[in-house]
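The values are calculated or read from the model by the stated rules, or taken from the named source; none is laboratory data. If you're wondering where the values come from, they're calculated on a predicted model, not measured in any experiment. Cβ placement follows ideal geometry from the backbone for every residue including glycine, while neighbour counts extend to all protein chains displayed.
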Amino acid sequence: MGAMDHSGHPMQGMEQSDPHAGHAMPASDEDDADTPGDAPPPPVPTDHPADRFFDPARMAAARADLAREGRFFGNALIVDRLEYRAVRGRDGYGWQGEAWIGADLDKLVIASEGEGAFGETAERIELRALWRHAIAPYFNLEAGVRHDFQPGPQRTYATFGIDGLAPYWFDVEAQLLVSDKGDVHARVEGSYDLRLTNRLILQPALELDAAFRDVPELRTGAGFDRLEAGARLRYQITRQLAPYIGVHWERRLGETARLGALAGERASTVSLAIGVRSWF
(Lines give C-alpha, C1' and ligand atoms only; values in the text may rest on other atoms or scores of the structure.)
Protein backbone atom coordinates (compact mmCIF):
# COMPACT_ATOMS: atom_id res chain seq x y z
CA MET A 1 0.00 0.00 0.00
CA GLY A 2 1.34 3.33 -0.96
CA ALA A 3 1.98 6.04 1.58
CA MET A 4 -0.82 8.53 2.17
CA ASP A 5 -0.17 12.13 1.33
CA HIS A 6 -1.30 14.57 4.10
CA SER A 7 0.44 17.59 2.73
CA GLY A 8 -2.83 19.34 1.98
CA HIS A 9 -4.40 18.74 5.39
CA PRO A 10 -3.94 21.27 8.20
CA MET A 11 -2.17 19.85 11.24
CA GLN A 12 -4.19 19.91 14.49
CA GLY A 13 -2.76 20.25 17.98
CA MET A 14 0.78 20.94 16.92
CA GLU A 15 1.12 23.18 20.01
CA GLN A 16 -0.31 21.71 23.23
CA SER A 17 -2.37 24.26 25.14
CA ASP A 18 -1.95 24.65 28.97
CA PRO A 19 -4.79 22.71 30.59
CA HIS A 20 -4.83 25.26 33.48
CA ALA A 21 -4.85 28.33 31.28
CA GLY A 22 -7.35 30.89 32.55
CA HIS A 23 -7.47 29.30 36.01
CA ALA A 24 -6.32 31.54 38.97
CA MET A 25 -4.02 29.92 41.51
CA PRO A 26 -5.54 29.78 44.98
CA ALA A 27 -3.91 32.06 47.57
CA SER A 28 -1.55 30.37 50.00
CA ASP A 29 -1.88 30.51 53.81
CA GLU A 30 1.16 32.81 53.96
CA ASP A 31 -0.53 35.28 51.63
CA ASP A 32 -3.64 35.28 53.84
CA ALA A 33 -1.55 35.93 56.92
CA ASP A 34 0.17 38.92 55.33
CA THR A 35 -3.05 40.47 54.10
CA PRO A 36 -4.64 42.88 56.63
CA GLY A 37 -8.19 42.02 57.48
CA ASP A 38 -11.15 44.06 58.59
CA ALA A 39 -12.59 41.73 61.19
CA PRO A 40 -13.46 43.40 64.53
CA PRO A 41 -11.06 42.76 67.45
CA PRO A 42 -12.07 40.36 70.18
CA PRO A 43 -13.96 41.96 73.07
CA VAL A 44 -12.02 43.19 76.09
CA PRO A 45 -12.43 40.75 79.00
CA THR A 46 -14.60 42.20 81.72
CA ASP A 47 -14.95 39.23 83.99
CA HIS A 48 -12.70 38.38 86.94
CA PRO A 49 -12.06 34.76 87.93
CA ALA A 50 -12.31 35.58 91.64
CA ASP A 51 -15.90 36.76 91.15
CA ARG A 52 -16.90 33.13 90.59
CA PHE A 53 -15.95 32.24 94.16
CA PHE A 54 -16.41 35.48 96.15
CA ASP A 55 -18.92 38.28 96.37
CA PRO A 56 -18.39 40.40 93.19
CA ALA A 57 -19.15 43.65 95.08
CA ARG A 58 -16.49 42.93 97.70
CA MET A 59 -13.99 41.97 95.02
CA ALA A 60 -14.70 45.21 93.13
CA ALA A 61 -14.01 47.20 96.31
CA ALA A 62 -10.78 45.26 96.85
CA ARG A 63 -9.64 46.01 93.30
CA ALA A 64 -10.40 49.71 93.81
CA ASP A 65 -8.29 49.74 96.99
CA LEU A 66 -5.46 47.96 95.21
CA ALA A 67 -5.52 50.43 92.33
CA ARG A 68 -5.54 53.38 94.74
CA GLU A 69 -2.67 52.54 97.03
CA GLY A 70 -1.47 49.03 96.29
CA ARG A 71 -2.47 48.23 99.86
CA PHE A 72 0.92 49.58 100.98
CA PHE A 73 1.29 50.62 104.61
CA GLY A 74 4.66 51.19 106.23
CA ASN A 75 6.83 53.26 108.52
CA ALA A 76 10.37 54.60 108.68
CA LEU A 77 12.77 56.48 110.92
CA ILE A 78 15.14 58.69 108.91
CA VAL A 79 18.08 60.48 110.55
CA ASP A 80 19.34 62.88 107.89
CA ARG A 81 21.95 64.45 110.17
CA LEU A 82 23.33 63.54 113.56
CA GLU A 83 26.60 65.40 113.86
CA TYR A 84 29.36 66.84 116.00
CA ARG A 85 30.38 70.37 115.03
CA ALA A 86 33.90 71.50 115.78
CA VAL A 87 34.05 75.26 116.29
CA ARG A 88 36.97 77.20 117.74
CA GLY A 89 36.37 77.41 121.47
CA ARG A 90 32.72 76.29 121.27
CA ASP A 91 32.14 72.76 119.97
CA GLY A 92 28.55 71.83 119.36
CA TYR A 93 26.09 69.42 117.80
CA GLY A 94 23.19 69.32 115.38
CA TRP A 95 20.47 66.97 114.23
CA GLN A 96 17.71 66.69 111.64
CA GLY A 97 15.37 63.77 111.10
CA GLU A 98 11.84 62.46 110.87
CA ALA A 99 9.67 59.42 111.50
CA TRP A 100 6.59 58.60 109.44
CA ILE A 101 3.83 56.04 109.26
CA GLY A 102 1.23 55.67 106.53
CA ALA A 103 0.54 54.73 102.94
CA ASP A 104 1.59 56.07 99.54
CA LEU A 105 -0.85 58.97 99.48
CA ASP A 106 -1.13 59.95 103.14
CA LYS A 107 1.38 59.84 105.99
CA LEU A 108 1.66 61.06 109.56
CA VAL A 109 5.09 62.64 110.07
CA ILE A 110 6.95 63.60 113.24
CA ALA A 111 10.04 65.70 112.42
CA SER A 112 12.66 67.41 114.54
CA GLU A 113 15.78 69.49 114.10
CA GLY A 114 18.01 71.57 116.29
CA GLU A 115 21.49 72.59 117.33
CA GLY A 116 23.48 73.77 120.28
CA ALA A 117 26.85 73.94 122.04
CA PHE A 118 28.08 71.42 124.58
CA GLY A 119 27.64 72.56 128.16
CA GLU A 120 25.02 75.16 127.25
CA THR A 121 21.28 75.28 126.69
CA ALA A 122 20.36 74.23 123.15
CA GLU A 123 20.13 77.18 120.77
CA ARG A 124 17.29 75.76 118.69
CA ILE A 125 14.88 72.84 119.17
CA GLU A 126 12.00 72.35 116.74
CA LEU A 127 9.38 69.60 116.74
CA ARG A 128 6.77 69.21 113.99
CA ALA A 129 3.71 66.98 113.61
CA LEU A 130 2.50 66.92 110.01
CA TRP A 131 -0.03 65.34 107.71
CA ARG A 132 1.68 64.70 104.38
CA HIS A 133 -0.46 64.13 101.27
CA ALA A 134 0.87 63.25 97.82
CA ILE A 135 -0.39 65.69 95.17
CA ALA A 136 1.89 64.52 92.33
CA PRO A 137 4.32 61.66 91.72
CA TYR A 138 7.20 63.69 93.18
CA PHE A 139 5.55 66.27 95.46
CA ASN A 140 3.70 66.27 98.78
CA LEU A 141 1.51 68.82 100.50
CA GLU A 142 2.12 69.26 104.24
CA ALA A 143 0.00 70.73 107.01
CA GLY A 144 0.37 70.54 110.77
CA VAL A 145 1.90 72.21 113.80
CA ARG A 146 5.42 73.12 114.89
CA HIS A 147 6.54 73.84 118.41
CA ASP A 148 9.81 75.64 119.15
CA PHE A 149 11.22 74.78 122.57
CA GLN A 150 14.25 77.00 121.95
CA PRO A 151 14.99 79.84 121.59
CA GLY A 152 12.63 81.05 124.28
CA PRO A 153 9.98 82.12 124.78
CA GLN A 154 8.38 79.00 123.35
CA ARG A 155 6.18 79.35 120.28
CA THR A 156 3.64 77.11 118.53
CA TYR A 157 3.02 77.52 114.81
CA ALA A 158 0.49 76.33 112.30
CA THR A 159 2.56 75.20 109.34
CA PHE A 160 1.70 74.70 105.68
CA GLY A 161 4.14 73.65 103.01
CA ILE A 162 5.23 71.53 100.11
CA ASP A 163 8.18 69.21 99.66
CA GLY A 164 9.45 66.87 97.00
CA LEU A 165 11.90 66.29 94.19
CA ALA A 166 12.24 69.15 91.72
CA PRO A 167 13.53 68.61 88.16
CA TYR A 168 17.12 67.37 88.04
CA TRP A 169 16.58 65.65 91.42
CA PHE A 170 16.83 68.63 93.75
CA ASP A 171 15.25 67.84 97.11
CA VAL A 172 13.28 70.99 98.03
CA GLU A 173 10.92 72.10 100.80
CA ALA A 174 9.04 75.33 101.48
CA GLN A 175 7.05 76.19 104.62
CA LEU A 176 4.82 79.01 105.76
CA LEU A 177 4.34 79.35 109.54
CA VAL A 178 1.86 81.38 111.58
CA SER A 179 2.51 81.49 115.34
CA ASP A 180 0.03 81.58 118.20
CA LYS A 181 1.17 85.19 118.72
CA GLY A 182 0.32 86.19 115.16
CA ASP A 183 3.82 86.51 113.69
CA VAL A 184 4.39 84.93 110.27
CA HIS A 185 7.57 83.22 109.10
CA ALA A 186 8.75 81.31 106.04
CA ARG A 187 11.46 78.76 105.36
CA VAL A 188 12.92 77.43 102.11
CA GLU A 189 15.50 74.67 101.96
CA GLY A 190 17.04 72.44 99.35
CA SER A 191 19.76 69.87 98.83
CA TYR A 192 21.23 67.76 96.06
CA ASP A 193 22.94 64.37 96.12
CA LEU A 194 25.93 64.37 93.79
CA ARG A 195 26.97 60.75 93.40
CA LEU A 196 30.74 60.64 92.87
CA THR A 197 30.85 56.83 92.99
CA ASN A 198 28.33 54.15 93.89
CA ARG A 199 29.10 54.72 97.59
CA LEU A 200 30.62 58.22 97.82
CA ILE A 201 28.04 61.02 97.75
CA LEU A 202 28.52 64.79 98.10
CA GLN A 203 25.48 66.67 99.39
CA PRO A 204 25.41 70.49 99.27
CA ALA A 205 22.49 72.00 101.20
CA LEU A 206 20.97 75.44 101.75
CA GLU A 207 18.32 76.78 104.15
CA LEU A 208 16.90 80.31 104.34
CA ASP A 209 14.51 81.69 106.98
CA ALA A 210 12.47 84.88 106.82
CA ALA A 211 10.14 86.80 109.13
CA PHE A 212 7.33 89.05 107.95
CA ARG A 213 7.64 91.39 110.93
CA ASP A 214 9.96 92.14 113.85
CA VAL A 215 9.72 89.72 116.77
CA PRO A 216 11.93 91.35 119.45
CA GLU A 217 11.31 88.66 122.08
CA LEU A 218 12.87 86.11 119.71
CA ARG A 219 15.61 88.54 118.63
CA THR A 220 14.31 88.28 115.08
CA GLY A 221 14.01 91.15 112.62
CA ALA A 222 11.71 91.48 109.63
CA GLY A 223 13.08 90.16 106.35
CA PHE A 224 15.59 87.39 105.79
CA ASP A 225 16.89 86.50 109.24
CA ARG A 226 18.99 83.32 109.02
CA LEU A 227 20.97 81.49 106.35
CA GLU A 228 22.52 78.04 106.61
CA ALA A 229 24.72 76.38 104.02
CA GLY A 230 26.84 73.27 104.06
CA ALA A 231 28.41 70.46 102.11
CA ARG A 232 28.75 66.93 103.46
CA LEU A 233 30.64 64.05 101.89
CA ARG A 234 29.25 60.71 103.01
CA TYR A 235 30.35 57.14 102.43
CA GLN A 236 27.48 54.70 102.12
CA ILE A 237 28.58 51.57 103.97
CA THR A 238 25.08 50.20 103.45
CA ARG A 239 21.93 51.92 102.25
CA GLN A 240 20.93 52.30 105.89
CA LEU A 241 24.23 53.66 107.25
CA ALA A 242 26.46 56.41 105.89
CA PRO A 243 29.04 58.33 107.98
CA TYR A 244 30.03 61.74 106.64
CA ILE A 245 32.35 64.69 107.05
CA GLY A 246 31.73 68.22 105.88
CA VAL A 247 31.49 71.91 106.61
CA HIS A 248 28.55 73.82 108.08
CA TRP A 249 28.12 77.60 107.85
CA GLU A 250 25.43 79.66 109.55
CA ARG A 251 24.81 83.40 109.51
CA ARG A 252 22.25 85.73 111.01
CA LEU A 253 21.07 88.41 108.61
CA GLY A 254 19.89 92.01 108.81
CA GLU A 255 18.16 93.17 111.97
CA THR A 256 18.41 89.67 113.41
CA ALA A 257 22.21 89.88 113.31
CA ARG A 258 22.12 93.26 115.09
CA LEU A 259 19.80 92.00 117.82
CA GLY A 260 21.96 88.90 118.27
CA ALA A 261 25.11 91.00 118.59
CA LEU A 262 23.47 93.04 121.36
CA ALA A 263 22.88 89.75 123.20
CA GLY A 264 26.52 88.70 122.69
CA GLU A 265 25.84 86.17 119.94
CA ARG A 266 28.03 85.67 116.89
CA ALA A 267 26.62 86.77 113.56
CA SER A 268 28.42 84.02 111.64
CA THR A 269 29.76 80.56 112.51
CA VAL A 270 31.72 78.03 110.47
CA SER A 271 32.21 74.52 111.78
CA LEU A 272 33.63 71.16 110.77
CA ALA A 273 30.81 68.61 110.81
CA ILE A 274 31.36 64.90 111.48
CA GLY A 275 28.31 62.70 111.70
CA VAL A 276 26.19 59.89 110.40
CA ARG A 277 23.12 59.50 108.22
CA SER A 278 20.88 56.49 108.78
CA TRP A 279 17.36 55.14 108.35
CA PHE A 280 15.39 52.18 109.63
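Restricting to segment 92-106, name every residue that is of a type in the set (Gly, Ala, Ser) and either surrounded by fewer than 16 Cβ atoms within 10 Å (Cβ to Cβ) or without any contact (Cβ under 8 Å) to a residue 60 or more places away in the chain (or both). Walk me through how you get there before you give the answer.
Narrowing segment 92-106 to residues of a type in the set (Gly, Ala, Ser): 92, 94, 97, 99, 102-103.
Passing the criteria: 97, 99, 102, 103.
Restricting to segment 254-280, what's the tally of residues that are in contact with an Asp or Glu (Cβ under 7 Å, 6 or more places away or on another chain) and modelled with pLDDT of 95 or more?
Result for segment 254-280: 4.
Please determine, by comparing only the residues of segment 136-160 that are in a strand (DSSP E or B) and free of Cβ contacts under 8 Å to residues at least 24 places away in the same chain, which one is farthest from the chain's Cα centre (by Cα). Even if it seems obvious, please write down each step before you answer.
So in segment 136-160, the residues in a strand (DSSP E or B) come out as 136, 139-150, 155-160.
Then drop every residue that is not free of Cβ contacts under 8 Å to residues at least 24 places away in the same chain, which leaves 141, 143, 145, 147, 158, 160.
Values: 141: 12, 143: 18, 145: 22, 147: 26, 158: 24, 160: 18 Å.
Out of the qualifying residues, it is 147.
Among the residues that make up segment 222-237, is at least one of them hydroxyl-bearing (Ser, Thr, Tyr) and either at pLDDT 95 or above or touching a Cys at 6+ places or on another chain (Cβ under 9 Å) (or both)?
Going residue by residue through segment 222-237, those that are hydroxyl-bearing (Ser, Thr, Tyr) are 235.
This time we only want the ones that are either at pLDDT 95 or above or touching a Cys at 6+ places or on another chain (Cβ under 9 Å) (or both), so: 235.
The answer is yes, given that some residue of segment 222-237 is hydroxyl-bearing (Ser, Thr, Tyr) and either at pLDDT 95 or above or touching a Cys at 6+ places or on another chain (Cβ under 9 Å) (or both).
Residues are listed down the side, and each one gets a yes or a no for (1) surrounded by fewer than 14 Cβ atoms within 10 Å (Cβ to Cβ); (2) at negative phi; (3) touching a strand residue (DSSP E or B) at 6+ places or on another chain (Cβ under 7 Å):
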| position | (1), (2), (3) |
| --- | --- |
| 132 | no, yes, yes |
| 143 | yes, yes, yes |
| 150 | no, yes, yes |
| 168 | yes, no, no |
| 182 | yes, no, no |
| 199 | yes, yes, yes |
| 218 | no, yes, no |
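Kindly indicate which of 163, 171 is touching an Asp or Glu at 6+ places or on another chain (Cβ under 9 Å) and under 18 Å from residue 227 (Cα atoms). Write out each step before concluding.
Values: 163 fails: under 18 Å from residue 227 (Cα atoms).
On inspection, the qualifying residue turns out to be 171.
Every residue, every condition in (1) assigned to a strand (DSSP E or B); (2) closer than 23 Å to residue 146 by Cβ, yes or no:
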position: 176; (1), (2): yes, yes
position: 202; (1), (2): yes, no
position: 207; (1), (2): yes, yes
position: 213; (1), (2): no, yes
position: 234; (1), (2): yes, no
position: 250; (1), (2): yes, yes
position: 258; (1), (2): no, no
position: 264; (1), (2): no, no
position: 276; (1), (2): yes, no
